[in-house]
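Here's the structure we're looking at; comments come further down.
The values are calculated or read from the model by the stated rules, or taken from the named source; none is laboratory data. Here the structure is a predicted model, which means the values were calculated and not measured. When we count neighbours, we look across all protein chains shown, and the Cβ atoms used for this are built from the backbone with ideal geometry, even at glycine. Each accessible area value is taken on the protein alone, full model and side chains, heavy atoms only, with ligands, DNA and RNA left out. Shrake-Rupley method; radii C 1.70, N 1.55, O 1.52, S 1.80 Å.
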There are 2 protein chains.
Amino acid sequence: MKADVVWTNAYVLPMTGDNGGLFADGAVAIKGNKIIAVGKTQDVLREVQAEEQIDAEGKLLMPGLIDAHIHSSYAIVRGVAQDMDNWMQKGVWPWMKYMDLKDQQAGSVMNIIEGVRAGTTTFADYDANMSSLLESYASIGVRVHAAEMINEMPKDIGDLPVGELYPLDPSIGEQKLQANIQLYEKWHGAENSRISVMFGPQGPDMMSLDLLKQVEREAVRYDTNLHMHVCQGDREILQLEKRYGKRSIPFLEENNLLNSRLIAVHLTEATEEETKQAAKSGAKMINCAGSIAIIDGIVPPVEVFTQAGGTAALGSDQAPGNNGNNMFNEMKFAAILNKVKARDPKVFPALKALKMATIEAAKVHGLDHHIGSLEAGKKADMLVIDTREPTLSPVLLYPVENVIANLVYAARGEEVKDVIVDGRFIMKDRVMQHIDQAKAMQALQYRAEKLAEKVKA
Amino acid sequence: MKADVVWTNAYVLPMTGDNGGLFADGAVAIKGNKIIAVGKTQDVLREVQAEEQIDAEGKLLMPGLIDAHIHSSYAIVRGVAQDMDNWMQKGVWPWMKYMDLKDQQAGSVMNIIEGVRAGTTTFADYDANMSSLLESYASIGVRVHAAEMINEMPKDIGDLPVGELYPLDPSIGEQKLQANIQLYEKWHGAENSRISVMFGPQGPDMMSLDLLKQVEREAVRYDTNLHMHVCQGDREILQLEKRYGKRSIPFLEENNLLNSRLIAVHLTEATEEETKQAAKSGAKMINCAGSIAIIDGIVPPVEVFTQAGGTAALGSDQAPGNNGNNMFNEMKFAAILNKVKARDPKVFPALKALKMATIEAAKVHGLDHHIGSLEAGKKADMLVIDTREPTLSPVLLYPVENVIANLVYAARGEEVKDVIVDGRFIMKDRVMQHIDQAKAMQALQYRAEKLAEKVKA
């Protein structure tokens, strides 16, 4: 069998089976955008004739990480809304009000770079003006599952006193729904299928029930997911109770919106019963551990959700409130915050966190036939990680295997040396391959300063 | 005034005053091992004539970080004791039993490298055979406040059933106390005062009261600190209750051991009242946020301690249980875990975490006349951090200053480009200057594999 590249003599963590399947002296061969062989070096070398052979001794090969929920454009206001109450209304919205498309693009590009440098190969981005943001995803070369953020919220919503009902504007909603439909028509399946599209209602509180039902109908028509904030904060519950006399989960259930098409983001304020109900409905959950802890001081009920049989993934959410978009950060926070919540160090072991950033995240987004593990036939989205960095040293396989624990609890992201997406190097020896990083940072700083001028005024 | 080096055009975060004192267009000048000027670039350039001028545009200058509690040698068993109960007895001790001096040294060197790469310039190390470990500190060139770990515990203590009283051996205690005294005599003030020594009883449970009082007398005689685990886990409380019928804080208080000489590490199991009592006694506290969360699922009462007027610092503890020794990790975990504990995002703001890794940590260790802030007259322990990294971008000073929030909540450690200790480059452009990192990692891996063989057998 002909291969383009084969990496040999590496530790391989394919993220298959119950325990991740780690083995030493391994090899991975790719051809085009596909993995064609994974196994012991001598077995793979017997099977394939590769154009290029890379000796990966001391390296770990594993699937690319999946950031299951991110608002990439917000990165332009990284760090402006910290250590405060009413984060969204008082911290973020005053900046959003003045953000234009170029600000969004600059923020998004920085966030993609940050993610790739920490091993993220797939981004589930959920934002306004997504079609413009996808241009950067396409040129940088990563994988994205995108949604237009649909709401009926006027641009000056930040001026509304905290606690008052949002004044919904149906004309905004209609325009944003159309934008999501156009996004699907234009981009779904583009870039060799690296880009796929879902629908993105911003939350049950931020639009009318009519519009929400209309979005669901479109998601059914296109047979894709509904990616939506659910129980994302007390403000959402408050809006729903004022508007419908119901909390979010019962509201969705009654309107036939709680089902396997739904990717429910956060569930911060969901009760234990509501969480179980969501899990049993077949809806998926995304846990943004770092973001919700910093914004609300809360550990969402992901442990309850997964124990009830639900499929869940990790997401980094947005920069102003987290503030990094680094899946190593998310894995460690998800594990440790849940240990603290349960006051039990056995809860949420490292392997669980790693699965929720790889294979389980792929399932949540309906992409597990393509990504999430290193297996022959899947897309070649792979990380080459240096185990000789202090954080991953020593590597021990017996009597205790310490690699997964150190990936989750010690690694910082910089251990990732090469990032391969769809068979192509996106980062090589920590240098971004398809974007000028320094120039992107300079552009970001310039636009952020201009934006700050407007906010000040 | 003559200077050796002046850095100009930088953001300077001196960690002075209430708010850290951040300013733009700043300069820092050093001569020998001292800072001689900190201020606006034009003012400093008017004041000093420097041999070398470094244009630090886009860089941030700040004091080196202080890791107020670390067991560096344990890094050789990074990741072997995760997601488990009875972490110390069942996870770590089976390995410690077979660790020899060379294993310890290899682990310690790796931990120092890991710390420096994430901006740690001062390590408060607390370990057995400390005199040998100090040789690495001396050659790598960082600052250390060291203690010999004194206990009366036999080497095969890991075989003891969980919950049984430790069989204390006075001959071990006497030998370890002598080692701490010799450590002081040999090393205190060495390496241009980069090395200082304190006393290190391992915990009130791990030695007789007689020995503990004797250690205190030696600490008084040498006028130095007592660095001790206090209320470090339920196992300690259990041992004390069985032995003396008292919990740790009342036991120390009654024996005149709760005073300003004591640096109490962890206080994991201290009640609110005990915590306040410790704070009011003048004892200092060290909070190892990441370590205690992962080992016990607990957030120690550092918020109560500091609200009661106590001075506290952050420490990374040991690698098998944390698992990193990175103060950016500690700052973020300390802040976020305390927000979650209080269910309030306003609790433990970023600035508080940053102070506890710099100036407050210097106070805890009685070193604030020398380090902890960038001020003329202090030792030149300084970090040069690249703000053009995605995690620290953008830099905004108005209308919201986002630098401190991003240092604490977004930075990973790799943003630190240069590390200067005592006026000398220890790391330059991320290359360690006084140790061959690759060779150290190779040695560590070799020794860890040998150690694993012994544990397996």
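Taking Rh as the Kirkwood radius computed over C-alpha pairs, what is the Stokes-Einstein D of the protein assembly as shown at 10 °C in a medium of viscosity 1.306 mPa s, expressed in µm² per second? Kindly include the intermediate steps, with their values, before the conclusion.
On the way: Rh = 28.1 Å.
Translational D for this selection: 56 µm²/s.
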Based on the Cβ-Cβ distance of A:A342 and B:K90, what FRET efficiency does E = 1/(1 + (r/R0)^6) give at R0 = 22 Å, to the nearest 0.05?
0.70
For region A:107-212, which GluC sites (Glu not before Pro) are in a loop by DSSP, counting at most 14 other Cβ atoms within 10 Å?
A:E164
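If you average over every viewing direction, what projected area does the convex hull of the Cα atoms of region A:269-352 give, in nm²? Provide the component values of the computation, followed by the final result.
Working: hull surface 20.5 nm².
Average of the hull's projected areas for region A:269-352 equals 5.1 nm².
Which value, in debye to the nearest 20, gives the size of the charge dipole of region B:123-184 about its Cα centre, when Lys and Arg are +1 and Asp and Glu are -1 at the Cβ?
Details: 3 positive and 10 negative charges, 61 e Å.
So the magnitude is around 300 debye.
Rounded if a/c is under 1.5, else prolate if a/b beats b/c, else oblate: with a ≥ b ≥ c from the C-alpha gyration tensor eigenvalues square-rooted, which is region A:358-431? Please list the in-between numbers first.
Values: a/c = 2.23, a/b = 1.39, b/c = 1.61.
In terms of gyration-tensor shape, oblate.
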Compute the relative contact order of chain B as a whole-number percentage, counting only Cα pairs closer than 8 Å that sit 6 or more residues apart in sequence.
20 percent
Going through region A:344-379, which trypsin sites (Lys or Arg not before Pro) have at most 15 other Cβ atoms within 10 Å and a DSSP loop state?
A:K346
Under 1.5 on a/c is rounded, so check that first for region A:79-364, then, if it is not, pick prolate when a/b is larger than b/c and oblate when it is not; a ≥ b ≥ c are the square roots of the alpha carbon gyration tensor eigenvalues.
rounded
Apply 1/(1 + (r/R0)^6) to the Cβ-Cβ distance of B:E185 and B:K246, taking R0 = 30 Å, and write down the FRET efficiency to the nearest 0.05.
0.30
For region B:65-364, what proportion of DSSP beta bridges, expressed in % and rounded to the nearest 5, is antiparallel?
0 percent
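Could you give the accessible area per residue of region A:79-364, probe 1.4 Å, as a whole number in Å²?
Per-residue value: 29 Å².
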If Lys and Arg each add +1 and Asp and Glu each add -1, what is the summed charge of the other residues whose beta carbon sits under 9 Å from the beta carbon of B:T306?
-1
Here the whole-number average of other chain Cβ atoms within 10 Å per Cβ of B:292-302 is 4
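Within a Cβ distance under 14 Å of B:R235, other residues only, what is the Lys/Arg minus Asp/Glu net charge? Intermediate values should be presented prior to the final figure.
On the way: positive: B:K90, B:K242, B:R243, B:R247; negative: B:D85, B:E164, B:D205, B:D234, B:E236, B:E241, B:E269, B:D296.
With Lys, Arg at +1 and Asp, Glu at -1, the net is -4.
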With no solvent and one equal point scatterer per Cα, compute the Debye intensity ratio I(q)/I(0) for region A:133-204 at 0.13 Å⁻¹ and report its log10, rounded to two decimals.
-0.48
Angle between chain B longest axis and helix B:170-187 axis [Cα atoms, degrees, rounded to 10]:
20 degrees
In terms of the Cα gyration tensor, with a ≥ b ≥ c the square roots of its eigenvalues, is region B:58-202 rounded because a/c is under 1.5, prolate because a/b exceeds b/c, or oblate?
oblate
Which residues' amide hydrogens lie under 5 Å from the amide hydrogen of B:I426, considering only partners 5 or more residues apart or on another chain, with H built in the peptide plane?
B:V419, B:I420, B:V421
Formal net charge of residues neighbouring B:G321 (Cβ-Cβ distance under 11 Å; K, R +1; D, E -1):
-2
Taking Cα pairs under 8 Å and at least six residues apart, what relative contact order does region A:190-348 come out at, in percent?
16 percent
Where q = 0.11, 0.19, 0.20 Å⁻¹, what log10 of I(q)/I(0) comes from the Debye formula for region B:310-457, counting one point per Cα?
-0.56, -1.34, -1.40
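Give, rounded to the nearest 20 debye, the magnitude of the charge dipole that chain B has about its Cα centre when Lys and Arg contribute +1 at Cβ and Asp and Glu contribute -1 at Cβ.
Rounded to the nearest 20 debye, it is 320 debye.
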Please give the average number of partner chain Cβ atoms lying within 10 Å of the Cβ of each residue in B:430-440, rounded to a whole number.
1
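Which value in deg cm²/dmol, rounded to the nearest 500, describes the helix-derived mean residue ellipticity at 222 nm for the protein assembly as shown, given -39,500 (n - 2.57) per DSSP H run of n ≥ 4 and division by the residue count? Please report the intermediate quantities before stating the final value.
Working: 34 runs with 342 residues, N = 914.
Roughly -11000 deg cm²/dmol at 222 nm, from the helical runs in the protein assembly as shown.
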